[in-house]
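Presented below is the structure to which this report refers.
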């Protein structure tokens, strides 16, 4: 029987220490007689250290009245909780916890058995889960977007490269994330020309390079321009690129987001419209010249005819012939 009791005690200890929720047993004076690993982790002490402490050593004084009410509940009903309070962590910070408990009678001695949930940990775990779901949703949107989406650090190192960017530029995300900057996909001469343009616009020198891409954004100006992208195989094509700042809760810039779409087809369409307009303008010009020439060719002989008619009018005496001449 003694062997069986020791075996069961060992199993209980192993079971309790495997739980993620804190468990503690203390006497009515608050001295801890047992706690599991999770309970010790919540307050930052080892189990041995806690056995030298009282429940009141890790409870802020501001909870004295609430604790008294929980003790009253224990006396009346044999249980208490749920009770939200704080524990004092070993490093001095306060930990939000939720307690539930009941009275235990062990070998004629009365103890308080408590379960302790780390509310801060649960909240953080929930927040982390919600964040992960939000990030997953963001990944789904990015991977199905019809636009190239590239995010960078404040210094310009690429941190995000969606599937459309892979499709347009021919690089995989693995090839560029944390390795390349936006300059990898751009024409150096175009960057230099834009640096000159933005320098004039902002009335300050802009260095050719990553600064060129974000100069307007940093000044809170609209930053949407036509740029030339260069794919991995060297193909050049026009894109409409919009660059915005990524900011933290304190409005400090932490990075940048570039959203681009291929405007090759639009440029072809604009070129075909321009060509059609040029043809129409040329046809109109030919027509105007033709009419001017025809007007001249007709007017020259007509002037002679009108002159001769006027001379005949002075010579003719027949009324019938004069009427005929007047018709001219």
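The values are calculated or read from the model by the stated rules, or taken from the named source; none is laboratory data. Remember, predicted model here, so these are calculated numbers, not experimental data. Positions of Cβ are generated from backbone atoms using ideal geometry, with glycine treated the same way; all protein chains shown enter the neighbour counts.
Just one of the numbered conditions (1) at pLDDT below 65; (2) loosely packed, with under 10 Cβ neighbours inside 10 Å is not true of residue 220: (1). If I filter the stretch 74-123 down to residues being assigned to a helix (DSSP H, G or I) and under 46 Å from the mean Cα position of the chain (by Cα), which single residue comes out as farthest from residue 32 (Cα to Cα)? This residue is 123.
Based on what the data block shows, is residue 34 on the phi < 0 side of the Ramachandran plot, in contact with a helix residue (DSSP H, G or I) (Cβ under 6 Å, 6 or more places away or on another chain), surrounded by 13 or more Cβ atoms within 10 Å (Cβ to Cβ) and without any contact (Cβ under 8 Å) to a residue 40 or more places away in the chain? Spelling it out, it is not the case that residue 34 is on the phi < 0 side of the Ramachandran plot, in contact with a helix residue (DSSP H, G or I) (Cβ under 6 Å, 6 or more places away or on another chain), surrounded by 13 or more Cβ atoms within 10 Å (Cβ to Cβ) and without any contact (Cβ under 8 Å) to a residue 40 or more places away in the chain.
Look through the stretch 169-183, keep the residues that are in contact with a helix residue (DSSP H, G or I) (Cβ under 9 Å, 6 or more places away or on another chain) and surrounded by 17 or more Cβ atoms within 10 Å (Cβ to Cβ), and return whichever of them is nearest to residue 243 (Cα to Cα). Going through the qualifying residues, I end up with 182.
Among the residues making up the stretch 208-238, those that are touching a helix residue (DSSP H, G or I) at 6+ places or on another chain (Cβ under 9 Å) and in a loop (DSSP other than H, G, I, E, B) are 208, 209, 219, 221, 222, 223, 231, 232. Picking from residues in the stretch 135-160 that are assigned to a strand (DSSP E or B) and either at pLDDT below 65 or out of contact with any helix residue (DSSP H, G or I) (no Cβ under 6 Å at 6 or more places or on another chain) (or both), the one that is surrounded by the most Cβ atoms within 10 Å (Cβ to Cβ) is 152. Can you confirm whether the stretch 16-36 contains a residue that is within 23 Å of residue 105 (Cβ to Cβ), at pLDDT 90 or above and in a helix (DSSP H, G or I)? Within the stretch 16-36 (the criterion being within 23 Å of residue 105 (Cβ to Cβ), at pLDDT 90 or above and in a helix (DSSP H, G or I)), the answer is no, since none of the residues qualifies. When the stretch 90-134 is limited to residues that are surrounded by fewer than 15 Cβ atoms within 10 Å (Cβ to Cβ) and touching a strand residue (DSSP E or B) at 6+ places or on another chain (Cβ under 7 Å), the one that is modelled with the lowest pLDDT turns out to be 104. Which members of the stretch 161-181 meet the condition of being under 14 Å from residue 231 (Cβ atoms) and part of a helix (DSSP H, G or I)? Matches in the stretch 161-181: 164, 165, 166, 167, 168, 169, 175, 176.
Checking the structure you have, find out if any residue of the stretch 200-207 is assigned to a strand (DSSP E or B) and either touching a residue at least 12 places away in the same chain (Cβ under 8 Å) or closer than 23 Å to residue 146 by Cβ (or both). So far as the stretch 200-207 goes, no, none of its residues is assigned to a strand (DSSP E or B) and either touching a residue at least 12 places away in the same chain (Cβ under 8 Å) or closer than 23 Å to residue 146 by Cβ (or both).
Looking at this structure, is residue 71 over 46 Å from the mean Cα position of the chain (by Cα) and in contact (Cβ under 8 Å) with a residue 60 or more places away in the chain? So residue 71 fails the test.
Looking only at the stretch 238-259, filter to residues that are closer than 16 Å to residue 164 by Cα and either free of Cβ contacts under 8 Å to residues at least 40 places away in the same chain or surrounded by fewer than 14 Cβ atoms within 10 Å (Cβ to Cβ) (or both); which one of those is farthest from the chain's Cα centre (by Cα)? So the residue we want is 238.
Please determine whether any residue of the stretch 64-72 is surrounded by fewer than 16 Cβ atoms within 10 Å (Cβ to Cβ), part of a strand (DSSP E or B) and modelled with pLDDT under 90. Checked the stretch 64-72: no residue is surrounded by fewer than 16 Cβ atoms within 10 Å (Cβ to Cβ), part of a strand (DSSP E or B) and modelled with pLDDT under 90.
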